[in-house]
1. Placing +1 on the Cβ of each Lys and Arg and -1 on the Cβ of each Asp and Glu in region 50-127, which of Val114, Gly93, Leu125 has its Cα farthest towards the positive end of the resulting dipole?
2. For region 31-127, which GluC sites (Glu not before Pro) are in a loop by DSSP, counting at most 13 other Cβ atoms within 10 Å?
Amino acid sequence: MAGVIGQLGEGETLADVLLLGAEAHRLSLGRSLGSLELALDALASAQPGPAFSCARTLAALGPHLGRLSSVVLICLSWSDEHAALRRALLQRGAGCLVLALVDPAPAEPELIHVPLDVLQRGEPLAL
């Protein structure tokens, strides 16, 4: 996740919100704005929470959705709740890139499957 945020912060992309569980962190990272260190601090302090919920995630994103053009969803599992979130974001006009860090690969053509062994070996990923 830190690598994705680092990549977003380097280019012309703006990363406005980092959602960890149901907690939203405003970032405004990118285009010489914000601080990568703040985003990494938020990641470092993340704690395990309850099971993923589409409704809870949409509620946390709700105040920010009007200004988000796209969402990068990084999943450590894939379920109907995750698919419902992706559909809800698309219906609200936000693009949604899904990185599924799960094995075996979900049978969902719209997901980018990232094999766990690639992460464990520390190989670079091109997204």
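Read the figures in this text as sums done on the coordinates, not as results from a lab. The structure presented is a predicted model; accordingly, all values stated were derived computationally and were not measured. Reconstructed Cβ throughout: ideal geometry from the backbone, glycine too, with neighbour counts over all protein chains shown.
1. Farthest towards the positive pole: Gly93.
2. Details: sites: Glu37, Glu81, Glu110; in loops: Glu110.
The qualifying sites are Glu110.
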